[in-house]
Amino acid sequence: MKLNVLFVAILLMASCAKQKKNEAATKTALNKVETLNTSESEVDLEVYDFNGFEKFLNKKDGKIHVINFWATWCAPCVKELPYFEQLNEAYKNKNVEVLLVSLDFPHLYDSKLKPFIKDRKLKSKVVALDDADMNTWIPKVDETWSGSIPATIIYKNDKRLFFEQSFTYEELENEVKQFIN
């Protein structure tokens, strides 16, 4: 009987020690998350559902709008982002606005998207599109869009071009120049 009581006591102590260790690990993980969120708070990220986002697709303000749909997990998207940044810088005084629309997963905004924006020092406006009903909104962006990214719309008032492809800087600039001339 004494042996059984001793065995139960040892099990209880081991269980308590394991629980304290798990609590300490959880507390450390929570502190890391809080630190990450605090340090990433410098990045403002506007998040829209499609109804809120749609206004960006139909501006009739005489400006050339370049809207690129991308995600941090899409290698071709990431590869072409510097070209959109270069275009934004080169044409900002020529009535051209670049909008980068992230299709990243909402649970990764703080841990992946915001650090990406900060690390890459993106100057173009970045918004996130969070609308799970893709089958409804993708054809509203363009009837021919399969949903693949990268995808880009270039428009000015009622003239509009849609591309489901990656760009080099020269290709992107040539498409934008069609709207300037």
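The values are calculated or read from the model by the stated rules, or taken from the named source; none is laboratory data. Bear in mind that the values here come from a model prediction, so they are computed numbers and not experimental data. Cβ: placed from backbone, ideal geometry, glycine included. Neighbour counts: every protein chain shown.
Is it the case that the stretch 162-179 has a residue that's within 17 Å of LEU57 (Cβ to Cβ) and assigned to a strand (DSSP E or B)? There is at least one residue in the stretch 162-179 that is within 17 Å of LEU57 (Cβ to Cβ) and assigned to a strand (DSSP E or B). Out of curiosity, is ASP110 more than 24 Å from GLU170 (Cα to Cα) and more than 11 Å from the chain's Cα centre (by Cα)? No, not satisfied. Residues in the stretch 60-82 that are touching a residue at least 40 places away in the same chain (Cβ under 8 Å), part of a loop (DSSP other than H, G, I, E, B) and surrounded by 13 or more Cβ atoms within 10 Å (Cβ to Cβ): LYS63, ALA71, THR72, CYS74. Restricting ASN37, ASN88 to residues that are within 26 Å of LEU108 (Cβ to Cβ), modelled with pLDDT of 95 or more and among the polar types (S, T, N, Q) narrows the list to ASN88.
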